[in-house]
Amino acid sequence: MLDTTTWTTKRWGRVIHRRDMSCLLVNAGYRCSRHYHRHKINLFGVASGSLLIVEWDERDDTTPRRTILNPGDVCAVNANVDHLFCVIESGLVVERYVSDNGQPVRADDIYRLDKGGKMQDGELERLRGQST
């Protein structure tokens, strides 16, 4: 069992950071902010639960790439790609950060474009690319 006494509460759940890796306890019906990292590559691995990762190409903001992750699945999001995750089913996610320039990973390399939090009615379906 994970010791959750040193975890930080976020809009979408709780997180504990250790250098270049984080463990996330995520809550269904929530999402993180849409954001990007200039030099960090994100690797998401789902231990339990289910996530939707949405990535926007800077050249085509209207057609995002969507990836659903279930237990055992992994997804990489490159640096300088706007992205967010939506929690479909509560669970445990491991997020690993890798530098794209050989320098140490910087904790402040995050540029938020909106706020995360509880998803509005129909928001998950919209982000999945389904009509509501």
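Of the GluC sites (Glu not before Pro) found in segment 10-116, those that fall in a DSSP loop while having at most 12 other beta-carbon atoms within 10 Å are E58.
Projecting the Cα atoms of Q120, I68, L25 onto the charge dipole of the chain, computed from C-beta unit charges around the Cα centre, puts L25 farthest toward the positive end. Given Cα pairs under 8 Å that are at least 6 residues apart, what percent is the relative contact order of segment 10-119? 41 percent.
Would you compute, from DSSP H runs of 4+ residues alone, the mean residue ellipticity of the chain at 222 nm, taking -39500 (n - 2.57) per run and dividing by the full residue count, rounded to the nearest 500? Write out the running numbers ahead of the final one.
Numbers: 1 runs with 6 residues, N = 132.
Mean residue ellipticity, 222 nm, calculated: -1000 deg cm²/dmol.
Projected label points at R66 and R38, each 7 Å from Cα along the beta carbon direction, are separated by 3.3 nanometres. Of the listed values (1) 14.2, 44; (2) 13.5, 37; (3) 15.6, 53, grab the one calculated as Rg and Dmax of the Cα atoms in Å from the structure here. Recomputing Rg and Dmax of the Cα atoms in Å here gives the entry labelled (1). Each label was represented as a point 7 Å from its Cα along the Cα-to-Cβ direction; for V98 and T9 these points are 3.5 nm apart.
No value in this document is a laboratory result; all are computed from the given coordinates. Here the structure is a predicted model, which means the values were calculated and not measured. No Cβ is skipped: glycine too gets one built from the backbone with ideal geometry, and neighbour counts run over all protein chains shown.
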